[in-house]
Amino acid sequence: MKQLKLLKLSIEEAEKKYPNGYNKLQLIEISKEIKKKKKITEPIWFGKIENNTDIVLQRNNMIAGGHYGAGITDCEVVGINGDCGLECPVFKLGDCKTEDKDAFIKLIKETKLNEHELKEIYNLYPHLKP
């Protein structure tokens, strides 16, 4: 079974089971149930993280794989997946820890950004302003 199919099945099941909305833990539990029923054993990898839904789905995969706990943060999910940077949904919301300040300043300088994009970044992260 393809990894993306597991995610789609999990979301469909969650929407049926919780018509008023579901949280990440409920989605994880449903994914585990489906994985057991279908005997899915291959490793799960979601791909590039582009939005908050992708973060939830990838977190679900990482937890279901048994290597990460339910407390893994959005930042950790994105970073471990290799998608840390200016396009990260966590960064765009202003929730990035920007622990490596120099790396982010360098990345901002090297990326072709228009005035509006720079203003947006510096409004969210004034400490990155040169």
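The values are calculated or read from the model by the stated rules, or taken from the named source; none is laboratory data. Everything quoted here is computed from the prediction, not taken from an experiment. When we count neighbours, we look across all protein chains shown, and the Cβ atoms used for this are built from the backbone with ideal geometry, even at glycine.
Starting from residues that are of a type in the set (V, I, T) and not in a helix (DSSP H, G or I), keep the ones in segment 70-93 and report whichever is surrounded by the most Cβ atoms within 10 Å (Cβ to Cβ). Ranking the candidates gives I72 first.
Looking across segment 52-69, the residues that are at pLDDT below 85 and either among the acidic types (D, E) or not in a helix (DSSP H, G or I) (or both) come down to G65, G66, H67, Y68, G69. When I49 is tested against the conditions (1) part of a helix (DSSP H, G or I); (2) surrounded by 12 or more Cβ atoms within 10 Å (Cβ to Cβ), the lone failure is (1). Can you tell me which residue in segment 94-130 is surrounded by the most Cβ atoms within 10 Å (Cβ to Cβ), limited to those that are in contact (Cβ under 8 Å) with a residue 24 or more places away in the chain and within 18 Å of the chain's Cα centre (by Cα)? So the residue we want is C96.
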